[in-house]
1. Identify all residues within the range 226-240 that are of a type outside the set (Phe, Trp, Tyr) and more than 18 Å from the chain's Cα centre (by Cα); write none if there are none.
2. In this structure, is residue 283 within 28 Å of residue 155 (Cβ to Cβ) and in a loop (DSSP other than H, G, I, E, B)?
3. Could you list all residues from the range 283-306 that are touching a residue at least 40 places away in the same chain (Cβ under 8 Å), out of contact with any helix residue (DSSP H, G or I) (no Cβ under 7 Å at 6 or more places or on another chain) and of a type outside the set (D, E, K, R)?
4. Based on this model, can you work out whether residue 198 counts as within 33 Å of the chain's Cα centre (by Cα), free of Cβ contacts under 8 Å to residues at least 12 places away in the same chain and closer than 20 Å to residue 22 by Cβ?
5. Within the set of pairs 6 or more residues apart or between chains, which connect a residue that is under 15 Å from residue 125 (Cα atoms) and at pLDDT 95 or above inside the range 464-483 to a residue that is part of a helix (DSSP H, G or I) and of a type in the set (Phe, Trp, Tyr) with Cβ atoms less than 9 Å apart?
6. Tell me which residues, restricted to the range 46-61, are of a type in the set (Asp, Glu) and either modelled with pLDDT of 95 or more or assigned to a helix (DSSP H, G or I) (or both).
7. So which residues in the range 11-44 are among the small types (Gly, Ala, Ser) and either at pLDDT 90 or above or surrounded by 18 or more Cβ atoms within 10 Å (Cβ to Cβ) (or both), if there are any at all?
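The values are calculated or read from the model by the stated rules, or taken from the named source; none is laboratory data. What you see is a predicted model, and the numbers here were worked out from it, not measured in a lab. Every residue, glycine as well, gets a Cβ built from its backbone with ideal geometry; the counts of neighbours run over all protein chains shown.
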Amino acid sequence: MAINKIVIVGGGTAGWMTAAALSKLNQASKVSITLVESEQIGTVGVGEATIPPIVEFNRLLDIDEREMLSAIQGTFKLGIQFVNWGQVGDSYIHPFGNYGYQIEGLNFHHIWHRIREAGDRRPLQVFNPETMAAYFGRFARTPEKQRDDLPPINYAYHIDAGRYAQFLRGYAEKRGVTRLEGKVSDVALNGNSGFVESVTMDNGEIISGDLFIDCSGFRGLLIEQALETGYEDWTHWLPCNRAVALPCNRDDGSPPLPYTRATAHSAGWQWQVPLQHRNGNGHVYCNEYMDDDEAHDILVNNLAGKPTADPNFLRFVTGRRKKFWNKNVVAIGLSAGFMEPLESTSIHLINSGINKLIALLSLNDITEVQQSAYNRLTGKEYERIRDFLILHYCQTSRDDSDFWNYCRTMSIPDSLTEKIELFRANGQIFREDDELFTETSWAAVMMGQGLEMQGHNAMADAIDLATLKPEVDEIEKSISFLVKHMPTHKEFLDQYCPAALQT
């Protein structure tokens, strides 16, 4: 079955990212792309923090970074600060870049542990430029002709998800994507193949297609309601199932921070995402341990300013569809699955789903091999991210609430147990199946949560300390020099991408 018509059901961030990426097909083929959405159906709109792959996504679309950030009031992000996760009062940053660099083929945290055993008391954080820039509220993009002895700066964005979707809508429509307003009232399946043949709008219009992308959010209008694909529930490991989102002003006049903040409370955690003129905020919690009113009160009492909208309460079940590509329907975004935005992976999973679809897409047919590969690769990615999120909850010393007692003592997947035990033994981290999070990411969160390395790679002991110390000293000096000469985050925003006036 040739693919001549692609129909995207649902807008928001997932729908318009998909439409923008697929709009490139219009430049080389006669494929028609239609997106149907209803302004009456609100979007979740909490995915305002991203991770570095989003930079490459925009680059591939030839989107001007300055123009985009100005239009959506975006800011830059160097990592995530976690507060109260290991113990109440603790704080650490999970940075986007590496600690130092590999020496003699060894990741730097092994080198750091070696010199620490020899009496060097410097914390690991001073060897990471993103962490140090974040602590001092500074930011700069890596210039094209930066000195070779200075490390690059890895970054992502804080975005207004609604404005980002609008920006991409304009991009996609200019490139031939057709948008239709309205709600889907019915889905027609082929009696023989079970493929989706068409969707019927509430005004009676029938939209036929060959390939359908389900971006309808939690409802899974096509992937679940029509095809009954099934859902894998991960609540046992990630028990939070509610969230309340609430934007606010920064009434104290404080500048936007170049990092996201995740603050743990008694039955969940609160996010703070700084945009140029406001903060995005939310409280993720488990209703078995906290009711909606208490969750809302905790959020309101921990805002940087006056709320600018009514609270948006959300319900979810952490997990994933049993298939992400079923027959001629590909689920992208919340229709594919949900994992709380603790590590800002929501928009990344949209990006990743689009990348895999484009890599596997053939306009000649839809095959079992394509579906199998897509489902296998996407499933592995979800499971690796799941384990990384579980790490934040299980690797804690908190015993101040029933929620944290449950998280600290719950059973965890064998794949995560192995990672924890290997790191505890000698700091070893294996990055498997091209998983999203790097060795630095795992090390940052493990140590930030209080998991200590009992040893390091034995090969580190073969390096002469007399030659090692000057090299390590130079790493710290280079980072210090780089951060010292950066402008503040606000100064950089004001010069590079000041927020456009909104009409």
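1. Step one: of the range 226-240, the residues of a type outside the set (Phe, Trp, Tyr) are 226-230, 232-233, 235-236, 238-240.
Passing the criteria: 226, 227, 228, 229, 230, 232, 233, 235, 236, 239.
2. No.
3. Scanning the range 283-306 gives 284, 287, 290, 295, 296, 299, 300, 303, 304, 305.
4. yes
5. 472/108; 472/112; 472/127; 475/108; 475/127; 476/127; 479/127; 483/135
6. Taking the range 46-61 as the starting set, the residues that turn out to be of a type in the set (Asp, Glu) are 48, 56.
Of everything in the range 46-61, just one residue is of a type in the set (Asp, Glu) and either modelled with pLDDT of 95 or more or assigned to a helix (DSSP H, G or I) (or both), namely 56.
7. If the condition is that a residue be among the small types (Gly, Ala, Ser) and either at pLDDT 90 or above or surrounded by 18 or more Cβ atoms within 10 Å (Cβ to Cβ) (or both), then 11, 12, 14, 15, 19, 20, 21, 23, 32 are the ones that fit.
Listed here are the residues, each with its yes/no results for (1) among the β-branched types (Val, Ile, Thr); (2) under 28 Å from residue 21 (Cβ atoms).
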position: 55; (1), (2): yes, yes
position: 66; (1), (2): no, yes
position: 79; (1), (2): no, yes
position: 82; (1), (2): no, no
position: 122; (1), (2): no, no
position: 143; (1), (2): no, no
